[in-house]
Amino acid sequence: MSLMRLVASARPARGRLALAVLFGTLASGAGVGLMATSAWLISRAAQHPPVLMLMVAIVAVRAFGIGRGVFRYAERLTGHDATFRILAALRVRVYERLERLVPAGLGTLRGGDLLGRVVADVDAVQDLYLRALLPGAVAVVVGGASAGLAWALLPSAGAVLLAALLVAGVLAPWLSATVARRAERRGTDLRGELTKQVVDALRGAPELVAYGAAPERLAEAARLDRESTRAAARSAATAGAGAAVSALAGGLAVWGGLAVGVPAVRSGRLDGVLLAVVVLLPLAAFEAVAGLPLAAQYLERVRRSATRVFAVLDRDEPVREPGRPEEPPSAPYVLRARDLRARWTPGGPYALDGVSLDLTPGRRYAVVGPSGSGKTTLTAVLLRLLEPAGGEVSLNGVDLRALAGDDVRRVVGLCAQDAHVFDTTVGENLRLARPDATDEQVRDALRGARLLDWVEGLPRGLDTHVGEHGAQVSGGQRQRIALARALLADFPILLLDEPAEHLDVATADELTADLLTATRGRTTLLVTHRLAGLDAVDEIVVLDAGRVVERGSHAGLLDRPGVYRSLWRLERRGDEALGALA
């Protein structure tokens, strides 16, 4: 099924693939013609005829020799062009699908395993076209034509050649594929596991070294590498066995042609000059089928890789895009949730259960609550990254489910706790939000994030590289770069999901105060577990177990017993304890 889907996906390039088959057939056919003509020419020349009687054959040998190289080059050129076009389209499909799946639809597809599917498994698909379909089509045409030519010269020789070609082109690939099926399945899984292990080890190298777990992880990677090598060796042994069967069949075809040809010459049924053609023709014909056992092995590898790729493409989307999206409403924007329910897995518990919320223009809100209360789930639903399981979310009265996700995210933006900082310059990281932004606009965003003085103090300013994942800057600076990027995007509604996470208390409180200052006058929803500084927001919504248990101002919530006051007191005691230790 997976292979048929890959074949169907090649439909836009079928013209180029057909042209590659044509050139491949002409190249192999030129090889057969070269062998047959050369055999006849040598045999006839041994009789010392007038040179003029050999001129046609001499010219034909030259033509076949030149044509073989030219057609082979054309076949490689058109075949690779078609294959790379198919791969490019498939890779775009995978990337587009991943965009639709993030973050709720990936499930267990994470890290190195996902990287292996997107890169190695997609790359393996090219073998279907270059090493299986094209050689197979050429082998059928050239093999059949060679057997037909031998049959025309001597029917018994044609039957021998046809039988040998069927052994080499059908039986040997079938045996090779049967034996290789298990090895290829295991090899593909091992390659995916090894990629996952290596990527995870590289990402977590500091922690692995700090806790002394690096030797164990390296040993596991070495074990997977050894098993992958053994699987590759078994696969190579299978390919060698298939090639041996094919070579044996070719040798038997030559001896078979000799065995039926000599008596035919003696009986006068075959011209003696043509005996060389009958005997040597299989050598050229078998060039077309010699690679089929290996092609069958590649077919098994492609089948397994295609299964892994389609496992990504076939995953259910966490959000269903409307068939005909409505036009997005105009500013000013009111984002409203009514009796909202949401969950991450079908049939799983509700992460949000009956949440109602109004985000009106220019007001700032905070959503707080203990870990697992549904804060991040709320941002995912508001950003149209997760489908509501009940209730309604609307933008200016238009249900979000009736709007295209991209249109929603042009109005509602996010600065997440794990916002990615790319391995490029400060300026380019910010211009991700607005590619046409001027240096002055970038500086304004940095000023709003309280980062401009730091950037201008750097030797290269905006052209300073921040390293992979922002490794060359501090955690607070990395989060401020992400905040500046969100400010530069100038979203009418800005969601801030735990922007001070993973920072020390002093830095976290300073960043929270700065971002609340920077977002004054902008519709803002701050999702946080830290309560310090929330006296600056207009309304605080307290979540617990996916439900709204309290709402109000900072002062009002502290005046009455409840979850918020308990969290506030717990946070104060923790800060006092840290202050005493300092």
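Worth a mention:
- Ranked by the mean number of other Cβ atoms within 10 Å of their residues, highest first, the peptides 361-370, 266-275 fall in the order 361-370, 266-275.
- Angle in degrees between helix 155-166 and the longest Cα principal axis of the chain, rounded to the nearest 10: 20 degrees
- When both bridge partners sit in region 335-581, DSSP labels roughly 55% of those beta bridges antiparallel.
- Per residue, the convex hull volume that the Cα atoms of region 506-565 enclose (Å³): 86 Å³
- The slack in the chain from H420 to R11, taken as 0.36 nm per residue of separation less the alpha-carbon distance, amounts to 143.5 nm.
- A simple spin-label model places the labels of A259 and L452 9.2 nm from each other, with each point 7 Å out along Cα-to-Cβ.
- Three-way shape call for region 335-581 based on the alpha-carbon gyration tensor, with the a/c threshold at 1.5: oblate
- Sorting L171, L357, L511 by the number of Cβ atoms found within 10 Å of their own Cβ, with the fewest placed first, yields L171, L357, L511.
- Region 2-313: C-alpha gyration tensor shape, a/c 1.5 cut-off, then a/b vs b/c: prolate
- The chain: antiparallel DSSP beta bridges as a percent of all, rounded to 5: 55 percent
- A237-A331 FRET efficiency (beta carbon distance; Förster radius 56 Å; 0.05 resolution): 0.25
- Gained length - T517 relative to H48, 0.36 nm times residue gap less alpha-carbon distance: 158.6 nm
- Length gained when the stretch R100-D490 is fully extended (0.36 nm per residue, less Cα-Cα span): 138.0 nm
- Computed per residue of the chain from DSSP H runs no shorter than four, each worth -39500 (n - 2.57), the mean residue ellipticity at 222 nm is -19500 deg cm²/dmol.
- Recomputing volume of the Cα convex hull per residue in Å³ from the coordinates shown identifies the correct label among [x] 189; [y] 199; [z] 213 as [z].
Bear in mind these aren't lab numbers, they're just calculated from the coordinates by the rules spelled out. Only a predicted model underlies this, so the values are computations on that prediction, with no experimental measurement involved. FYI the Cβ positions are ideal-geometry reconstructions off the backbone, even for glycines, and counts take in every protein chain you see.
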